[in-house]
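Novice: Next up is a structure, given as structure tokens.
The values are calculated or read from the model by the stated rules, or taken from the named source; none is laboratory data. Note that the structure is a prediction, hence the values are computed from the model and not measured. Every residue, glycine as well, gets a Cβ built from its backbone with ideal geometry; the counts of neighbours run over all protein chains shown. Please note that ligands, DNA and RNA were not included when accessible areas were found on the heavy atoms of the full protein model with its side chains. Shrake-Rupley method; radii C 1.70, N 1.55, O 1.52, S 1.80 Å.
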Amino acid sequence: MTSRINTSFTLIPNQKCRRSNRQSSHFSNTLGSDSQPLSTLGSFKALPLEIFQIILRYLSVKDISMLSMVSKTVSQQIINYISTSSGSKRLLLQDFHNLELPGRRQDSAILEYYKSLGLLFKRCTLLLPTKERLKYIHKILTEVSCFKFNGCAAPLQCLGLACYGMFLQTLTAGWDELECHRVFSFLCELTNLTRKMETVVCSKPGSARKLELRIRLFCRSVLLDHWTHQSDSAFWLTRLLRPWPIVNQARLLYIIFGPISPQDGQVVWQKMVEGPTEESSLKGLADAIKLLYDTGTKEWTADDVISLVDELSVVPHEWLLENNARLLILSGNNICFTFMASKAVNGRAVELARLIVFLALVCEKELYCMNWAVKMMQKVCNVFSTPLEKLNFLQSVANAFACVIMETMQSIMSGDHDEDDRSFLNLFHLVRAQANFHKEVLYLTTNILST
């Protein structure tokens with residue numbers, strides 16, 4: 001009896017199990033052909049494409065960007081949405097000129113938006129080859145006229161190129177050098193940038209002012225200004241400069257980073273030639289030189305950078321030595337010393353002595369520590385190999401102070417001075433620079449003798 005009861009209890013579960021197996025087998029067969037779309041789209045599979053795109057309209061760019069990482073299929077659906085006229089119109093904000101908020105708040109808001117949009121495109125096109133990614137992105141962005149080289153009629157009041165640069169920086173962040181080379185080549189081909197740069201570096205400075213301005217804005221806003229790591233900025237600056245001979249490199253560097261007019265933003269070519277200039281006019285050039293020197297890239301040796309600085313000091317004509325000295329001070333101790341040591345090695349002691357005078361003059365005018373100028377002279381003096389060469393150099397420095405002061409006095413006495421008495425003020429600073437320079441020399445000598 002017990003055995004019959006046990007048998008009956010064992011038969012019932014077996015029958016249910018077989019029935020369950022048949023049902024599960026039927027269910028799996030039903031999903032066999034559509035299992036891949038269901039696993040990637042999930043619950044979205046039940047939605048028509050139109051409804052899915054309507055949902056995307058209610059999501060922010062950051063939310064769509066996160067959604068694109070769900071699966072390849074979802075990412076493709078988002079790409080399809082971006083490719084529609086309504087999708088691209090909604091995502092590609094073009095408020096580049098409506099800057100009504102106070103300060104820089106709206107500037108930063110739209111730049112941050114395009115940074116998020118760049119991340120969205122980066123994720124959506126992740127599986128595409130670099131060439132195909134660039135073609136697709138260009139196809140979408142070509143609708144924005146302010147992203148084009150000559151697309152905006154008021155480029156100085158437009159954030160279009162800056163947003164384009166932020167977008168590209170986010171898109172290409174983390175790419176290897178080979179891919180970034182392809183991006184640069186793609187941009188040059190797209191904008192005909194190489195031909196445009198050839199026009200401005202090979203023609204008379206200032207003869208194509210509007211083109212110079214366009215090149216400056218494109219290079220700064222799109223390629224150089226948005227990087228957080230110096231090595232990235234150095235890479236893109238190298239791409240711009242390296243194809244050209246040293247003379248044209250200096251010209252191009254001045255166009256991109258040199259002083260500009262506050263009225264129309266155009267490059268002021270005579271700024272370094274006509275008179276002493278302020279620190280702000282040289283800071284961009286100094287930062288670019290430091291970038292090439294300090295990042296340690298294999299494509300730039302110390303000699304390359306020093307040669308570039310030397311060539312820059314005659315663009316478009318020979319600079320005033322005071323401006324040259326100010327550039328060296330802003331460029332940092334290493335570049336300043338290397339530049340001066342190069343002159344010492346090449347036997348240009350008299351020229352070097354006059355440069356020392358103007359280093360002291362800039363220190364006096366800007367209230368920098370005069371002890372720095374003296375120690376720089378001492379360090380350069382040690383570059384000379386014999387005691388006689390050192391003595392002659394120090395004598396040249398003393399003579400240079402006297403000559404420069406006399407030249408300034410003769411200029412004033414001949415009536416060749418401006419109405420606001422800047423020449424008198426310059427003479428005053430020169431005399432004080434000489435006094436303070438020699439005072440620091442005496443302090444240094446006293447300390448050496450006492451030790």
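Novice: What translational diffusion coefficient, to the nearest whole µm²/s, does the chain have by Stokes-Einstein, given a Kirkwood radius computed over alpha-carbon pairs, a temperature of 20 °C and 1.002 mPa s viscosity?
Specialist: 79
Novice: Could you tell me which trypsin sites (Lys or Arg not before Pro) in segment 298-345 are loop residues by DSSP with no more than 11 other beta carbons within 10 angstrom of their beta carbon?
Specialist: Here the trypsin sites (Lys or Arg not before Pro) that fit, given the DSSP loop and packing criteria, are 298.
Novice: So, one more: Give me the angle, in degrees from 0 to 90, between the Cα long axis of helix 333-345 and the longest principal axis of the Cα atoms of the chain, rounded to the nearest 10.
Specialist: Rounded to the nearest ten degrees, it is 50.
Novice: Oh, and also: Cut-off under 15 Å on the C-alpha distance; same-chain residues fewer than 8 positions from residue 343 excluded. Which aspartates and glutamates are left, in chain and number order?
Specialist: 303, 304, 310, 311, 351, 389
Novice: Now for a different question. Let me have the relative contact order for the chain, percent, based on Cα pairs under 8 Å that are six or more residues apart.
Specialist: It comes to 9 percent, rounded to a whole number.
Novice: Something else about it: How high is the relative contact order of segment 47-191, given as a whole-number percent (alpha carbon pairs under 8 Å, six or more residues apart)?
Specialist: It comes to 27 percent, rounded to a whole number.
Novice: Here's a follow-up. I'd like the distance separating the alpha-carbon centroids of segment 309-349 and segment 169-209, in whole Å.
Specialist: A separation of 28 Å, based on Cα centres.
Novice: Taking H placed 1.01 Å from N in the peptide plane, check which residues at least 5 places from residue 260 or on another chain put their amide H under 5 Å from its amide H.
Specialist: HN-HN under 5 Å from residue 260: 268.
Novice: Now, a different point. For the Cα atoms of the chain, what angle does the longest principal axis make with the long axis of helix 349-366, in degrees from 0 to 90, nearest 10?
Specialist: Long axis of 349-366 versus the principal axis of the chain: about 70 degrees.
Novice: May I ask for the longest run of the chain untouched by GluC sites (Glu not before Pro) that are loop-located per DSSP and have at most 15 neighbouring C-beta atoms (other than their own) within 10 Å?
Specialist: In short, 144-277.
Novice: Remind me, relative contact order of segment 348-450 in percent, using alpha carbon pairs under 8 angstrom and six or more residues apart?
Specialist: So the answer I get is 39 percent.
Novice: Can you put 370, 66, 409 in order of accessible area, largest first, using a 1.4 Å probe?
Specialist: Largest to smallest exposure gives the sequence 66, 409, 370.
Novice: Counting only helical runs of four or more DSSP H residues, what would the 222 nm mean residue ellipticity of the chain come to if each run contributes -39,500 (n - 2.57) and the total is spread over all its residues?
Specialist: -22500 deg cm²/dmol
Novice: So, one more: Of 115/135; 135/290; 135/196; 271/375; 72/115, which ones are farther than 26 Å apart at the Cα?
Specialist: Going by Cα-Cα distance, 135/290; 271/375 fall outside the 26 Å limit.
Novice: Note the full-extension length gain between residue 210 and residue 180 as 0.36 nm times their separation in residues minus their Cα-Cα distance, in nm to one decimal.
Specialist: Extra length available between residue 210 and residue 180 comes to 8.0 nm.
Novice: Residue by residue, what Karplus-based ³J(HN,Hα) values in Hz, rounded to whole numbers, does segment 212-226 have, using 6.51, -1.76 and 1.60 with θ = phi - 60° and x for Gly and Pro?
Specialist: 4, 4, 5, 5, 4, 5, 5, 5, 6, 6, 8, 9, 10, 7, 9
Novice: Something else about it: If I stretch the segment between residue 367 and residue 442 completely, what's the gain in nm (0.36 nm per residue apart, minus their alpha carbon distance), one decimal?
Specialist: Here the answer is 25.0 nm.
Novice: Right, next: Rounded to the nearest 10 degrees, what's the angle between the helix 302-312 long axis and the longest principal axis of the chain, both from Cα atoms, 0 to 90?
Specialist: Once rounded, the angle reads 70 degrees.
Novice: Applying the Karplus parametrisation 6.51 cos²θ - 1.76 cosθ + 1.60 with θ = phi - 60° to the phi angles of segment 245-259, what ³J(HN,Hα) value in whole Hz is obtained for each residue in order, glycine and proline being reported as x?
Specialist: Karplus values, whole Hz, x for Gly and Pro: x, 4, 4, 6, 4, 5, 4, 5, 4, 5, 5, 7, 10, x, x.
Novice: Here's a follow-up. With the crude spin-label approximation of a point 7 Å out along Cα→Cβ, what separation in nm comes out for residue 348 versus residue 301?
Specialist: 1.8
Novice: If you plug each phi of segment 136-146 into the Karplus form 6.51 cos²θ - 1.76 cosθ + 1.60 with θ = phi - 60°, what whole-Hz ³J(HN,Hα) values come out, in order, with x for Gly and Pro?
Specialist: Each residue of segment 136-146 in turn: 5, 5, 4, 4, 6, 6, 5, 6, 8, 5, 6 Hz.
Novice: How much length, in nm to one decimal, is gained on full extension between residue 109 and residue 268, taken as 0.36 nm per residue of separation minus their Cα-Cα distance?
Specialist: This chain segment gains 54.1 nm when fully extended.
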